[in-house]
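What follows is calculated from the coordinates using simple rules that are stated; it is not laboratory data. All values reported here derive from a predicted model rather than from experimental measurement. Methodologically, a virtual Cβ is constructed for each residue, glycine included, from the backbone with ideal geometry; neighbour enumeration extends over all protein chains shown.
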Amino acid sequence: MGYINPLFDKPEITIPKKAPEKKSQNPIKKRTIRKDKTHNIKFPVSPVTQMKLKSLCKQAARMYREQGREPLSQTKFNTLLLRYGLQHEVILQWTHEYSDTKVYMHTNILESEYIEIGGPYGLAIRKNLSERKAVYQIMNSVLKWLEGEGTLEKII
């Protein structure tokens, strides 16, 4: 006995399987990294170091205003110090005692500069340190240099 609806009376139709189509042989293009991409690195500071960095930032901000430049934030100032340290490796010392104080300040360097610290052949690998410890050492070296023979005018 058949169904009243003719749709159900049709025999099953088998559909032959098609061979999977090959994708075109276009090479996959790798996305390029933006030139202005930044990398945020935080480093621990002691209360004394934090006061030094803040007071130096205030001095530099006053110099920026006198020159008619845009305002200078603490992170921008820390980034300037880190860049100066990376460009002048002669002033760097790697003997500062590292202690994680759970109080951090930030730097925001370009990705191309970050490779000098955390890249495959960066300072962190060469000195057998973590990236945070390497930034800590650089920042303390630049601060020590500023207390001795250095001036903010050279950095800014």
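Principal-axis analysis of the Cα atoms of the chain puts helix 131-147 at an angle of about 20° to the longest axis. Counting Lys and Arg as +1 and Asp and Glu as -1 over every other residue whose Cβ lies under 14 Å from the Cβ of T49, the net charge comes to +2.
Using the Cβ-Cβ distance between K127 and R65 with R0 set to 25 Å, the FRET efficiency from 1/(1 + (r/R0)^6) comes to roughly 0.10. The loop-placed trypsin sites (Lys or Arg not before Pro) in the stretch 28-79, going by DSSP, that have at most 11 neighbouring Cβ atoms within 10 Å of their Cβ come out as K29, K30, R31, R34, K35, K37, R69. Rounded to the nearest 20, the Cβ-based charge dipole of the stretch 47-143 about its Cα centre (Lys and Arg +1, Asp and Glu -1) stands at 360 debye. Pairs of Cα atoms in the stretch 43-155 fall into 10 Å distance bins, from 0 up to the last occupied one, in shares of 14, 48, 32, 6, 0 percent.
Backbone amide hydrogens, once placed in the peptide plane, bring M105 within less than 5 Å of F43, V45, excluding anything fewer than 5 places away on its chain.
Seen from N140, the other residues with C-beta closer than 11 Å to its C-beta sum to a net charge of +1, counting Lys and Arg as +1 and Asp and Glu as -1. Computed extension gain for D36 through Y104, at 0.36 nm per residue and net of the alpha carbon distance, reaches 22.1 nm.
When you filter the GluC sites (Glu not before Pro) in the stretch 54-156 for DSSP loop state and at most 10 other Cβ atoms inside 10 Å of their Cβ, you are left with E97, E149. Over all other residues within a Cβ to Cβ distance under 11 Å of L92, the charged ones net out to +1, with Lys and Arg as +1 and Asp and Glu as -1. What's the longest piece of the chain with no exposed chymotrypsin sites (Phe, Trp or Tyr not before Pro), counting a site as exposed if DSSP puts it in a loop and it has at most 11 other beta carbons within 10 Å? My reading of the result: 4-120 is the longest stretch.
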